[in-house]
Amino acid sequence: MSTDVTQKFFAAKILSNSEVASDIFSMTLHAPEIAGDVKPGQFAMVYLGRGEMLLPRPISFCDANPAEGTVNLVYQVVGKGTKAMAEMPAGENVKILAPIGNGFFLDRITATPAIVGGGIGTPPLLLAAKALAAKGIKPDVFLGFRSNSILVKEFETVARNVYIATEDGSHGHKGYVTELLKNGNNYQEIISCGPAALLQALKTYAASINIPCQVSLEERMGCGVGTCVGCVVKMYGTFVRICAHGPVFDANEVDLNG
Amino acid sequence: MAKNLKVNIAGVILNNPIVTASGTFNSGKEYSQFIDLNKLGAITAKGVSHEPWQGNPPPRIAETHGGMLNAVGLQNYGAKAFIQEDLPFMRQYSAKVIVNLCGRTIEDYVAVARDFDGVDIDLFELNISCPNVKAGGMAMGTDPKMAEEVTRAIKNVTKTPLIVKLSPNVTNIVEIAKAAEAGGADGLSLINTLLGMQIDIHRRKPILGNKIGGLSGPAIKPVALRMVYQVAKAVNLPIIGMGGISAAEDAIEFIMAGATAVAVGIANFTNPRVTMEILEGIEAFMDKNDIQDINEIRGVIE
Ligand SMILES: Cc1cc2nc3c(=O)[nH]c(=O)nc-3n(C[C@H](O)[C@H](O)[C@H](O)COP(=O)(O)OP(=O)(O)OC[C@H]3O[C@@H](n4cnc5c(N)ncnc54)[C@H](O)[C@@H]3O)c2cc1C
Ligand SMILES: Cc1cc2nc3c(=O)[nH]c(=O)nc-3n(C[C@H](O)[C@H](O)[C@H](O)COP(=O)(O)O)c2cc1C
Ligand code: FES
């Protein structure tokens, strides 16, 4: 649980913050305070420092470089808060609270898993793929996008195979990423992050072929540290806090339909 | 001479007037990573009921301009689990412990108060104002007769000093405050959240799973301050003022309006160290204005 590890709240210098695809930004922070502690699947609360937008925004770690003391966040501009993030200039500081959450269950992975990401759910999976590759288990990676793909090159350096699907056919298979994931039995597990509909489809598929499926969940957050009980998902009939108990859960333990 | 920040709430001496607002600070464990809980006057634990409550379906949070709506629905593990799991942690610190009580009926409230028989806590805060719980919280906080009755019922079963937390969702806040005083309240706290709503126009649905929720944050501060001012003039009880406090200047406003202590809620979400910054800001204000005792400025607004 996140409350057992030491989280830090501090100002990090923005080393770069630029658009890498349409409406998708990549922000690299100087954060030696945490760069060595970040686990794949964990996230940061990013404080906007704006009076009218009080709540910090949860953004996953896409990368962490302990040697250089840096971390990387990849985010999509979907509203006012992420727009404010996109406008933060390099050289300035941004306050963050991190690392938050449990992260993906990678210790138990001993054979090739399928990593499946949808849209802006893909960034945290890069760090997971890297960690697996580092222990000699290159994952097969399946990524689905509406149109523009992101991070494909980065995944190619650490994956056994990378399969792409786009809804408009602009890159790879035309259609949904789930249509590419046929031989699930070849995999020890599915490791996933993305829109609720994708996670639900993967949960159903994994159950049908009897393999575990881990999902990283999103919910609107207030505090990010477990105090407001705002960010919940139903787990075995009771609401648990995603920021404190997740964001990664075994799909069969949670109700993904709200 | 060292200046005095100590304040007295119903016979309980707080080292300083900074309190955390119920439901925004859990029992302090998470924020103890960022601040020294010994530097708080008191910690108000999240609302606790006799039996566990499961709370409302998500989404429970919606940000608004300068504020936030919540519809958590008082999810909690019940008094027994609170006493076993949270209270020992809280008791390690010099901050006083305020236990926030929730119930759907008078019997519920009495039951949860009795759960604390013989348990070492400093103050009760009676949440008769939670706008999220359909079955009763709302009605009691908005009806003077019910407010008086539930206050008296709890006073009859406990010796722990009782603060009654008022709902702002009423036409006449002074009337409810007087009812709580008549019921035997030892103090008042105000305000709880203001009922509000937000709609996702693209999905044509309310954002909150519960459709409506409680608004807090800077957006409600002028309303909260006005209510504290009116109530302080009308009753003879110590007041914990809250609603949108996020800086020392806000806290000082509430004290000048008549609050003995101030509680900080969602400002903790915006800045986990805000309580310490508010405390330091109050001390700096006292130094600058040659104020020896924080109690000197309480209620100075005519
Ligand atoms: C654990 C976690 C990890 C995440 N990681 C990433 C990431 O790596 N990259 C990325 O682009 N996005 C990520 N998100 C989603 C991101 O937090 C939201 O897109 C963002 O908060 C939207 O803010 P906004 O102000 O731009 O949008 P608005 O719609 O204007 O936001 C208004 C409010 O709604 C909340 N909100 C809106 N959509 C979401 C959502 N999907 N999830 C949570 N809160 C939401 C905001 O936080 C804010 O409080 C993650 C979310 C969670 C919970
Ligand atoms: C997420 C959340 C949970 C809350 N839970 C409680 C509660 O359990 N009991 C209670 O009396 N008030 C509760 N409140 C109300 C606060 O204690 C406080 O009265 C209100 O938020 C106004 O203060 P603020 O503007 O500083 O947040 C809650 C508020 C929030 C935002
Ligand atoms: S965001 Fe507050 S409990 Fe998770």
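The values are calculated or read from the model by the stated rules, or taken from the named source; none is laboratory data. Quick caveat: nothing in here was measured; it's all calculated off a predicted structure. Glycine also receives a Cβ, built like all others from the backbone with ideal geometry; neighbour counts cover every protein chain displayed. These area figures cover heavy atoms from the full protein model, side chains too; ligands, DNA and RNA do not enter into them. Shrake-Rupley method; radii C 1.70, N 1.55, O 1.52, S 1.80 Å.
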How large is the dipole of chain B about the Cα centre if only Lys and Arg carry +1 and Asp and Glu carry -1, each at its Cβ, rounded to the nearest 20 debye?
760 debye
What whole-number distance in Å separates the alpha-carbon centres of segment A:175-232 and segment B:186-233?
35 Å
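Based on the Cβ-Cβ distance of A:Gln200 and B:Ile121, what FRET efficiency does E = 1/(1 + (r/R0)^6) give at R0 = 60 Å, to the nearest 0.05? Write down the numbers at each step before the final one.
Numbers: r = 44 Å, r/R0 = 0.74.
So the FRET efficiency works out to roughly 0.85.
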State, to one decimal in nm², a quarter of the convex hull surface area for the C-alpha atoms of segment B:183-302, i.e. the direction-averaged projected area.
9.5 nm²
For A:Lys203, which aspartates and glutamates qualify as cross-link partners when the Cα separation must be under 16 Å and same-chain residues fewer than eight apart are set aside?
A:Glu179, A:Glu189, A:Glu218, A:Asp250, A:Glu253, A:Asp255
So the B/A interface buries, both sides summed and with a 1.4 Å probe, an accessible area in Å² (nearest 100) of 2800 Å²
So for each of B:279-290, A:223-234 I average, over its residues, the number of other beta carbons within 10 Å; can you give me the resulting order with the highest mean first?
A:223-234, B:279-290
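With Cβ to Cβ distances under 9 Å as the rule, what net charge do the other residues near A:Asp168 carry (K, R +1; D, E -1)? Walk me through the intermediate numbers first.
Working: positive: A:Arg146, A:Lys174; negative: A:Glu167.
Here the charged neighbours net out to +1.
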Which angle from 0 to 90°, rounded to the nearest 10, does the C-alpha axis of helix A:196-208 make with the longest principal axis of chain A?
40 degrees
Is it possible to state the helix-based mean residue ellipticity at 222 nm for chain A, with each DSSP H run of 4+ residues giving -39500 (n - 2.57), the sum divided by total residues, to the nearest 500 deg cm²/dmol? What is it?
-4500 deg cm²/dmol
With a 10 Å cut-off between alpha carbons and a GNM built on chain A, which of A:Gly79, A:Gly41, A:Gly184 moves the most?
A:Gly79
With springs only between Cα atoms under 10 Å apart, run a GNM on chain B and tell me which of B:Ile98, B:Ile191, B:Ile106 wobbles the most.
B:Ile106
With all protein chains modelled, accessible area of B:Leu194 [1.4 Å, Å²]
40 Å²
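As a test of reading the structure, rank B:His65, B:His50 by solvent-accessible area (1.4 Å probe, protein chains only), most first.
Working: B:His65 150, B:His50 65 Å².
These residues rank, largest area first, as B:His65, B:His50.
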Using a 1.4 angstrom probe on protein heavy atoms only, which residues from segment A:8-43 are buried by at least 40 Å² of accessible area when all chains are present rather than their own chain alone?
A:Phe9
About its Cα centre, what dipole magnitude does the protein assembly as shown give when the only charges are +1 on Lys and Arg Cβ and -1 on Asp and Glu Cβ, stated in debye to the nearest 20?
780 debye
Tell me, what are the semi-axes, in whole angstrom and largest first, of the equivalent ellipsoid of the protein assembly as shown as set by the roots of 5 times the Cα gyration tensor eigenvalues?
46, 25, 20
Carbon-plus-sulfur fraction of the accessible area of the protein assembly as shown, 1.4 Å probe, in percent?
50 percent
Search the structure for amide H atoms under 5 Å from the amide H of B:Asp293, placed 1.01 Å from N in the peptide plane, and list their residues when 5 or more places away or on another chain.
B:Asn4
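Counting only C-alpha contacts under 8 Å and six or more residues apart, can you give the relative contact order of chain B as a whole percent? Don't jump to the answer; show the numbers that get you there.
Working: 723 pairs, mean separation 59.0, N = 302.
Relative contact order for chain B comes out at 20 percent.
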Residues whose built amide H sits under 5 Å from the amide H of A:Cys213, excluding neighbours closer than 5 in sequence, are A:Ile190, A:Ala251, A:Asn252
For chain A, the longest principal axis of the Cα atoms and the Cα long axis of helix A:123-134 enclose an angle in degrees, to the nearest 10, of 70 degrees
For segment B:159-167, Karplus couplings with θ = phi - 60° (6.51, -1.76, 1.60), whole Hz, Gly/Pro x:
9, 5, x, 10, 9, 9, 9, 8, 8
Tell me, what is the Rg over Rh of segment B:80-184, with Rh the Kirkwood radius over Cα pairs?
0.98
Shielding of A:232-242 by partner chains, average beta-carbon count, 10 Å:
3
Interface residues, segment B:57-95 - accessible area loss of 50 Å² or more versus chain alone, probe 1.4 Å:
B:Pro58, B:Arg60, B:Ile61, B:Glu63, B:Gln75
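How big is D for chain A, in µm² s⁻¹ as a whole number, if Stokes-Einstein is applied with the Kirkwood radius of its Cα pairs at 25 °C and 0.890 mPa s? Working shown, then result.
Values: Rh = 18.4 Å.
Calculated translational D: 134 µm²/s.
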Can you list residues from other chains, or at least 5 along the same chain, whose modelled amide H is less than 5 Å from the amide H of B:Leu194?
B:Leu215
From DSSP H assignment alone, runs of 4+ in chain B each adding -39500 (n - 2.57), the sum over residues rounded to the nearest 500 puts [θ] at 222 nm at -8000 deg cm²/dmol
Counting only heavy atoms of protein chains, what accessible area per residue, in Å², does the protein assembly as shown have with a probe of 1.4 Å?
39 Å²
So how strong a dipole does segment B:1-120 carry about its Cα centre when Lys and Arg Cβ are +1 and Asp and Glu Cβ are -1, to the nearest 20 debye?
400 debye
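What does the average come to when, for each residue of peptide B:23-30, you count the partner chain Cβ atoms lying within 10 Å of its Cβ? If you can, show how the numbers build up before the last one.
On the way: counts 4, 4, 3, 8, 1, 1, 5, 11.
Taking all residues of B:23-30 together, the mean is 5.
Just to make sure I understand: if all protein chains stay in place, what is the order of B:Met146, B:Met197 by accessible area at 1.4 Å, largest first? Before the final figure, lay out the partial values.
Values: B:Met146 55, B:Met197 105 Å².
The residues order as B:Met197, B:Met146, largest area first.
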In segment A:202-227, which residues give up 30 Å² or more of accessible area once the other protein chains are added, compared with their chain alone (1.4 Å probe)?
A:Glu219, A:Arg220, A:Val225, A:Thr227
So if each residue of separation counts as 0.36 nm, and I subtract the Cα-Cα distance between B:Asn4 and B:Arg152, what length gain in nm does that give?
49.9 nm
